[in-house]
Amino acid sequence: MAVLVGKRAPDFTAAAVLGNGEITEKYNFAEATKGKYAVVFFYPLDFTFVCPSELIAFDHRLEEFKKRNVEVIGVSIDSQFTHAAWRNTPVDKGGIGQVGYTLVADVKHEICRAYDVEEAGGVALRGSFLVDKNGVVQHQVVNNLPLGRDIDEMIRMVDALQFHEQHGEVCPAGWNKGKAGMKADANGVAAYLASHAKEL
């Protein structure tokens, strides 16, 4: 498994269904995320089991991502037409409804291989990648197929990254927006632990 943290996120151009339901044959990741943060998440297949819960959870938090200037992009090996059919299937029938973010069709498996999340059976593992405004991966996590993601944890990672960029401080264990950061030196560690060690 490749570690992409600190490296440029692999660019890609592929067919996709956009958040407004429009199908495009040439969605380009770099163009769509220029000047923005991005969360690229991979999932095994449309019309499966854990996947709809994750995609709906991303959609329920989409406004929170947008407030933070984050573009959300889902990727699986299904075609754009299967993505569209799944969007048009009601939630109570196993569909995902009209999710408001892009779903990319990785039918050639090129994208999941570039991000090194292709599982032995050919589908993508549940890989999630947080990409900064310069196109560099800052956080990645990969779950096996039965293990659903915590979407709030990705929002926390976005907040941590933006806090670090804004203040220059680092984020200790369990950091959440509004909590104290830490200066990245010996005095900063000592000062933080003196006040917060019991909370860890």
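The values are calculated or read from the model by the stated rules, or taken from the named source; none is laboratory data. Please read these numbers as outputs of a predicted model, since none were measured by experiment. With ideal geometry, Cβ positions are generated from the backbone for all residues, glycine too; neighbour counts draw on all protein chains shown. For the accessible areas, the whole protein counts, side chains as well, though only heavy atoms, and no ligand, DNA or RNA atoms are used. Shrake-Rupley method; radii C 1.70, N 1.55, O 1.52, S 1.80 Å.
Side notes on the structure shown:
- Of the helices (runs of 4 or more DSSP H) lying entirely inside the stretch 24-99, those carrying at least 1 residues that are open to solvent by less than 30 Å² (accessible area, probe 1.4 Å), over 23 Å from ARG113 (Cβ atoms) and among the charged types (D, E, K, R) are 80-87.
- Odd one out for LYS177 among (1) over 19 Å from LEU62 (Cα atoms); (2) open to solvent by 80 Å² or more (accessible area, probe 1.4 Å): (1)
- Of the residues VAL107, VAL189, VAL158, VAL137, the single one that is β-branched (Val, Ile, Thr), in a loop (DSSP other than H, G, I, E, B) and surrounded by 13 or more Cβ atoms within 10 Å (Cβ to Cβ) is VAL107.
- Filtered residues of the stretch 7-38 (kept if closer than 20 Å to THR82 by Cα and charged (D, E, K, R)): GLU22, GLU25, LYS26
- Meets criteria (crowded, with 20+ Cβ neighbours inside 10 Å and more than 26 Å from GLN162 (Cα to Cα)) for GLU118: yes
- Failed condition for PHE12, given (1) at pLDDT 95 or above; (2) of a type outside the set (D, E, K, R); (3) loosely packed, with under 15 Cβ neighbours inside 10 Å: (3)
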